[in-house]
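The values are calculated or read from the model by the stated rules, or taken from the named source; none is laboratory data. Here the structure is a predicted model, which means the values were calculated and not measured. So basically every Cβ, Gly included, is an ideal-geometry build from the backbone, and we count neighbours across all protein chains shown. Just the protein is used for accessible areas: all its heavy atoms, side chains included, with ligands, DNA and RNA removed. Shrake-Rupley method; radii C 1.70, N 1.55, O 1.52, S 1.80 Å.
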Amino acid sequence: MEQYIVKGGNPLVGEVVISGAKNAALGILAAAIMADEPVLVSNLPDVNDVNVLLEAISQTGASVDRRDRHTARINGVGIRSCVVNNSYIKKMRASYYLLGAMLGKYHHAEVALPGGCNIGSRPIDQHLKGFSALGAVGRIQNGMIIVDAKRLAGARIYFDKVSVGATINVMLAACLAEGRTILENVAKEPHVVDVANLLNAMGANIKGAGTDVIRIDGVEKLHGADYSVIPDQIEAGTYMFAAAATKGDITVRNVIPKHLDCLTSKLREIGCEISEFDDAVRVVCKKRLRCTSVNTMPYPGFPTDMQPQMVVILSLAEGTSIVTESIFENRFRYVGELTRMGANVRVEGSNIAIINGIHQLSGAQVSVPDLRAGAALVLAALAADGITVLEDIEYIKRGYEDFVEKLSSLGGVIETVDSEKEISKFRLKAVSM
Ligand code: UD1
């Protein structure tokens with residue numbers, strides 16, 4: 001099994017270009033099958049989750065023409081099957097976007113129950129509530145979610161919980177429902193807006209994405225479009241935090257600085273220097289950072305997907321910090337691994353971490369429990385004294401394009417290894433560094 005091996009201690013310095021947003025791309029690719037004409041999607045990140053979804057889309061009979069690493073042309077005209085069930089798709093949360101897309105287009109869909117990162121129970125009741133309000137009947141049978149409708153009619157739907165997935169999924173189906181749908185208490189994340197923008201480019205009539213209320217006037221059909229995915233705000237945030245963790249100086253390029261506001265202000269608050277440009281943000285960290293409190297919230301609040309990276313930098317900050325996880329109930333599973341590297345973090349209940357900052361982390365053998373925690377442990381390893389070996393890195397590959405290459409270009413000493421021999425070779429090399 002592949003592992004990452006990291007020798008910490010180098011400040012990361014330089015520029016890094018951010019890829020397209022994974023979470024936006026997943027919604028966009030599902031939306032693309034709703035037309036019977038080509039939809040050309042560019043700025044796709046080349047990450048496992050996107051590649052698995054493309055594979056699932058081609059298994060429905062839709063054509064998927066991968067023009068290059070970051071561009072795919074999808075045409076939903078050839079879809080023969082509304083059943084999506086392959087062994088990979090079960091591992092991935094966003095497979096459920098195919099439910100909304102196929103329900104809207106064909107009034108029927110069967111998709112394997114989604115998996116994704118194990119960060120707490122991840123129900124889909126709000127998705128099903130939305131589909132049912134539009135006139136569909138949903139059931140779970142043999143590990144599949146099956147939704148059916150004779151006709152779909154617009155409705156007023158109030159989500160009991162702010163959910164990115166439910167907002168996008170119900171928006172997809174409602175585009176082709178008869179009449180007006182009003183979605184209230186929706187998620188406002190940039191990727192919700194991005195999916196709405198693509199759908200509008202395909203002829204949908206969606207207003208209000210990015211606010212608390214989305215209004216959708218159903219149309220009869222959608223047509224082809226060309227669309228470029230927005231930059232990944234979590235990938236950008238991860239590199240910004242890498243500068244903070246390693247006392248480095250990183251400029252993240254190809255970003256929308258507005259999407260990073262909440263990360264920028266937290267980094268400033270704890271002592272980083274930040275400069276913002278039209279499509280870039282530079283983070284400089286020259287001194288030991290200060291403690292703070294952080295509470296994860298739906299956008300524009302502090303993203304839960306940056307919570308583990310935040311805990312890593314606070315584990316090295318001066319004083320006691322408190323981080324509260326309000327979105328997912330099981331998102332501190334990595335803390336045990338971080339304490340193996342010397343961090344002083346205590347989890348109270350299941351959702352509050354109390355972090356007493358220390359001066360230095362030390363390398364250890366750790367295992368990655370989920371995607372974002374994996375990225376955070378890599379940041380910890382880059383900041384630590386000595387060598388860290390990270391197992392179960394498959395999670396990280398789901399969401400970070402060229403992670404090793406990008407970190408190496410910033411001066412990080414990190415390699416992918418596949419055997420004890422390669423690990424020994426790295427250790428020998430590291431001694432002379
Ligand atoms: C998406 C992101 C994920 C991010 C999360 C929160 C994708 C592919 N994944 O996940 O990276 O961490 O948003 O920003 O875009 N909930 C319910 N019932 C539902 C749906 C959700 O109770 O039907 C709850 C969840 O358990 C969670 C909260 O709502 O507590 C938010 O979840 P949601 O926004 O739906 O997350 P995902 O769309 O799964």
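Observations, loosely collected:
- Where both bridge residues fall in the chain, DSSP classifies roughly 70% of the beta bridges as antiparallel.
- Gaussian network model of the chain, Cα within-10 Å springs - most flexible of Y97, Y227, Y158: Y158
- Where a label projected 7 Å from the Cα of N254 along Cα→Cβ would reach, residues of region 260-294 with amide N under 13 Å: 280
- Computed lengthening from E318 to D385, 0.36 nm per intervening residue step minus Cα-Cα distance: 22.3 nm
- Computed label-point distance, nm, for sites S408 and H223 using a 7 Å Cα→Cβ extension: 4.7 nm
- Inter-label distance, nm, simple model (7 Å from Cα along the C-beta direction), D125/M144: 2.6 nm
- Linear extension gain, R180 paired with E37, 0.36 nm per residue minus alpha-carbon span: 49.0 nm
- Highest-fluctuation residue, N75, N23, N142 considered, GNM on the chain with Cα pairs under 10 Å: N142
- Taking GluC sites (Glu not before Pro) as exposed when DSSP calls them loop and at most 15 other C-beta atoms lie within 10 angstrom, the chain has its longest site-free stretch at 3-219.
- Label-point gap, in nm, between N356 and A153 - each point 7 angstrom along Cα→Cβ: 6.3 nm
- Global geometry of region 2-129, whether rounded, prolate or oblate, following the gyration tensor of its Cα atoms and the 1.5 cut on a/c: oblate
- Exposure here means at most 14 other Cβ atoms within 10 Å; with trypsin sites (Lys or Arg not before Pro) in a DSSP loop as sites, the longest stretch of the chain lacking them is 289-433.
- Within the chain, helix-based [θ] at 222 nm, where runs of 4 or more DSSP H residues each add -39,500 (n - 2.57), nearest 500: -9500 deg cm²/dmol
- Region 22-228, relative contact order in percent, only Cα pairs under 8 angstrom and at least six apart counted: 21 percent
- Using 0.36 nm per residue and subtracting the Cα-Cα separation, the extra length available between E394 and D418 on full extension is 7.4 nm.
- When the square roots of the Cα gyration tensor eigenvalues are ordered a ≥ b ≥ c, the ratio a/c for region 22-228 is under 1.5, which makes its shape rounded.
- Fluctuation leader among S95, S19, S362 - the chain, Gaussian network, Cα springs under 10 angstrom: S362
- M297-S81 FRET efficiency (beta carbon distance; Förster radius 30 Å; 0.05 resolution): 0.15
- Overall form of region 182-245 per C-alpha gyration tensor (a/c, 1.5; a/b vs b/c): oblate
- Relative contact order [Cα under 8 Å, 6+ residues apart], the chain, whole percent: 21 percent
- Mean separation of Cα contacts under 8 Å, 6 or more apart, over the residue count of region 45-97: relative contact order %: 34 percent
- Surface analysis of region 22-228 yields an accessible area of 38 Å² per residue, using protein heavy atoms and a 1.4 Å probe.
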